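Colleague: To start, I am sharing the structure in question, which I have written as structure tokens.
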Amino acid sequence: MKTKQHKVNVITLGCAKNIVDSENIVAQLQANKIDAEHEHSAMEPEVVIINTCGFIDKAKEESINTILDYADEKRQGNIEKLYVTGCLSQRYKDNLEEEIPEVDAFFGTMELPSLLQKFEADYKHELIGQRSLITPEHYAYLKISEGCNRTCSFCAIPLMRGKHISRTIESLVEEAKLLAAKGVRELMLIAQELTYYGLDIYKKRSLAELLEKLSEVDGIEWIRLHYAYPSKFPTDLFDVMAANDKICNYLDMPLQHANNDILKRMKRQITMEETMELIQHARNTVKDIAIRTTFMVGFPGETEAEFESLCAFVRKMEFERLGVFEYSHEENTSAHELVDDVPQEVKIERKARLMNIQNEISLRKNQKKIDQTFKVLIDRKEGDYFYGRTEYDSPEVDNEVLINAKEHFLRVGDFVKVKIEDAEAYDLFASPI
Ligand code: SF4
């Protein structure tokens, strides 16, 4: 089949790491003169590529349903070819090939060159760092490493993404320059395990050094950190954060649990006391730091008392941002050998309880911001409002600042100074000053 004239639509599911992978897929296809787009609703594609997620049950279900929808389209003759790539495909390739024969080929997370071959396209090494962005022009994700060397007992990510491989500081700075030249002003650094950065290639933790170099890139005004691991945390990072205005005073550090018995069973290599010390260190060094974390409820054997100790920890630590996952029993992880004995309805109820605690904390913290001024990056206009974010908020997951668009004219992608006038648990209302 001569696919070169065909229109290709790339559908992206899952996390920001998949967004970056899809941005690379589309850039490689376009560089090979193939008409490829991200989830283009007006496009009538002949070829569809689905970039899947295989992290937990819900994500797998969404990926499988999407594949089945497009398999249907193919059966009805609406598309000619269907390819599936990404984490789910990496993890369950053999089963999927058997179960969904409408898919023309499945690829793993490291098989972009083979995917391109289906389009008679070459993998262009010179394109590294040049991506077709899914995100708005003013911000982009920067994947600083792939894989993870940790062995958290519940986590299937190392099965899909392999061992930790850091990218070099030079290649990341180069990519940041290309992104800045396209208009990107905020970089979101992502990795499965940010704090491990450099240990493989430089034999030392090098995140602080990378941040210094990235902050020298003209045009980049904010650099944000996602997914740090608390054990053996390189605390020099907090000194760099405090001293360097371009590094957002923001840290996304999933803690998963606080109860020591559960942390041990999760193989997290840290205790509640050490975690508290680390958070205190962060708050002492970076006074206004916003810490985002995620917890997992319903881990095998989690008792009501253990869950209560997690609630007490959350009340005490008062995280600025918090998310909760229900435990998902993933095959080939070491936790799979334990009994998944917390009923689903209990997991759901514990998640709601923890989020209720956080709602109160978040509302209280937001109300303290009334009458204060903040620098806000305007992300979009929707209905009667412009939506922006402070340096303490990441897109999609955190608070937004709403500014009345009937009264004020602003430009998406601009930084604006605003005064907060009202606050809800997850939204702030402001006017420019
Ligand atoms: S550090 Fe994160 S990605 Fe790595 S094994 Fe643990 S939970 Fe999974």
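Colleague: Within the set of pairs 6+ apart or on separate chains, which have a first residue in the range 398-427 that is on the phi > 0 side of the Ramachandran plot, a second that is β-branched (Val, Ile, Thr), and C-beta atoms under 7 Å apart?
Modeller: Hits for this filter: Gly413/Ile378.
Colleague: Looking only at the range 190-247, which residues are farther than 23 Å from Lys163 by Cβ, in contact with a Lys or Arg (Cβ under 7 Å, 6 or more places away or on another chain) and among the polar types (S, T, N, Q)?
Modeller: Ser215 - this is the single residue of the range 190-247 that is farther than 23 Å from Lys163 by Cβ, in contact with a Lys or Arg (Cβ under 7 Å, 6 or more places away or on another chain) and among the polar types (S, T, N, Q).
Colleague: While we're here: Considering the range 338-355 alone, what residues qualify as being surrounded by fewer than 19 Cβ atoms within 10 Å (Cβ to Cβ), under 16 Å from Pro300 (Cβ atoms) and among the aliphatic types (A, V, I, L, M)?
Modeller: If the condition is that a residue be surrounded by fewer than 19 Cβ atoms within 10 Å (Cβ to Cβ), under 16 Å from Pro300 (Cβ atoms) and among the aliphatic types (A, V, I, L, M), then Leu338, Val339, Val346 are the ones that fit.
Colleague: Continuing with the same structure: Residues that are aromatic (Phe, Trp, Tyr): list the strands (runs of 3 or more DSSP E) wholly contained in the range 328-411 that include at least 1 such residues.
Modeller: Result: 373-382, 385-389.
Colleague: Quick check on this structure: which one of Phe299, Phe319, Phe295 is buried (at least 19 other Cβ atoms within 10 Å of the Cβ), within 25 Å of Ala243 (Cβ to Cβ) and out of contact with any Gly (no Cβ under 6 Å at 6 or more places or on another chain)?
Modeller: Just one listed residue meets the conditions, Phe319.
Only the coordinates and a few stated rules stand behind these numbers; no lab work does. In this text the structure is predicted, and so the values were computed from the model without any measurement. Virtual Cβ from ideal backbone geometry, glycine too; neighbours counted across all protein chains shown.
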